[in-house]
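Here the structure comes first, spelled out in structure tokens, and everything after it is commentary.
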Amino acid sequence: MARMFDIAPLDATFGAVVTGVKVTRIDDATWRDLHAAWLEYALLIFPGQFLSRAEQIAFAKRFGPLEFEMAPISNVKADGTIRIEADNDDVVKVLKGNMGWHADSTYMPVQAKGAVFSAEVVPGEGGRTGWADMRAAYDALDAARRVRVESLTAYHSLYYSQAKLGHQPKRGSDYSGYGFHDGPVPRRPLVKVHPETGRKSLLIGRHAHNIPGMDVAESTQFLESLVDFACQPPRIYHHQWTAGDAVVWDNRCLLHRATPWDMTKPRVMWHSRIAGDPVSEASLG
Ligand SMILES: [Fe+2]
């Protein structure tokens, strides 16, 4: 049977724009096709959805239980005033930290499965979100490097990544503190096997550090060189948002990042985080 939506692949190794469907009204057959497309493309972009918060949460839940239902990613404060870059408070430091390539919740005991992300208020320019295909990056490694990364692991920590921006969590901050995990620092393989497709991908990004068996400088250099190699065309795509857009991405095989915008302009985005499988997305310890 023909698909009940139109799908246009991006000019990249991954990603597709889906039209002709309202994600709040999908029957089971359409859902199966959409889910299969999500596993194949890893990033689906749905223009013109204008999801209410309840609709976004309901759509995200179709992909599985949520790590958290909804969080604003925004420079607009609760009182409606704008948080500007010069404030350089903890929220700004998190917004800027997320401009480095990363996967979500790799610093938690279970990394995220994915996320639904939508645009409510967007600046006229800038503020794009980028994604990078770590399946294609793994496939593009030369044979020697592929063998090398197969045996390596790295620690993942938000303390580590945010310390680079001078951010140490403190009480009374406007940032919730989510992600500053105080248990054992999760250690993860550099090569992740996707639990549903079986495809291998690189698990790297700004939270990864201290590869066991390397000294700190060597580990830092090695991980940075991998990100530099991996996050290049045709393996990247940056989305220029239009209000009403919604996307869903697979955090088990993509990295993503925010990009700068003029923070005197409001930007309001909504993030629903889909929980990883407690077995396949668990850290090594
Ligand atoms: Fe993120």
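In table form, for the structure just shown:
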{"item": "Residue 133 touching a Ser or Thr at 6+ places or on another chain (Cβ under 7 Å) and either modelled with pLDDT under 95 or acidic (Asp, Glu) (or both)", "result": "yes"}
{"item": "Residue, farthest from residue 42 (Cα to Cα), within the range 67-117, restricted to residues that are within 12 Å of the ligand (Cβ to nearest atom) and of a type in the set (Ser, Thr, Tyr)", "result": "107"}
{"item": "Residue count for the range 253-262, restricted to those that are open to solvent by 10 Å² or more (accessible area, probe 1.4 Å) and assigned to a loop (DSSP other than H, G, I, E, B)", "result": "4"}
{"item": "Residue match in the range 120-138 (condition: hydroxyl-bearing (Ser, Thr, Tyr) and more than 11 Å from the ligand (Cβ to nearest atom))", "result": "yes"}
{"item": "Filtered residues of the range 157-185 (kept if assigned to a loop (DSSP other than H, G, I, E, B) and in contact with a strand residue (DSSP E or B) (Cβ under 6 Å, 6 or more places away or on another chain))", "result": "185"}
{"item": "Near pairs, Cβ below 8 angstrom, 6+ apart or cross-chain, from the range 179-200 (in contact (Cβ under 8 Å) with a residue 24 or more places away in the chain) to any residue that is surrounded by fewer than 15 Cβ atoms within 10 Å (Cβ to Cβ) and part of a strand (DSSP E or B)", "result": "199/193; 200/193"}
{"item": "Criterion violated by residue 177 - all others in (1) farther than 28 Å from residue 232 by Cα; (2) open to solvent by 50 Å² or more (accessible area, probe 1.4 Å) satisfied", "result": "(2)"}
{"item": "Pairs with Cβ under 6 Å, 6+ apart, first in the range 263-285 and loosely packed, with under 14 Cβ neighbours inside 10 Å, second part of a loop (DSSP other than H, G, I, E, B)", "result": "264/84"}
{"item": "Elements of type strands (runs of 3 or more DSSP E) contained in the range 186-250, each with 2 or more residues being open to solvent by less than 10 Å² (accessible area, probe 1.4 Å) and either of a type in the set (Ser, Thr, Tyr) or modelled with pLDDT of 95 or more (or both)", "result": "200-202, 246-250"}
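The values are calculated or read from the model by the stated rules, or taken from the named source; none is laboratory data. Quick caveat: nothing in here was measured; it's all calculated off a predicted structure. Every residue, glycine as well, gets a Cβ built from its backbone with ideal geometry; the counts of neighbours run over all protein chains shown. To get the accessible areas, we keep the full protein, side chains included, count just its heavy atoms, and leave off ligands, DNA and RNA. Shrake-Rupley method; radii C 1.70, N 1.55, O 1.52, S 1.80 Å.
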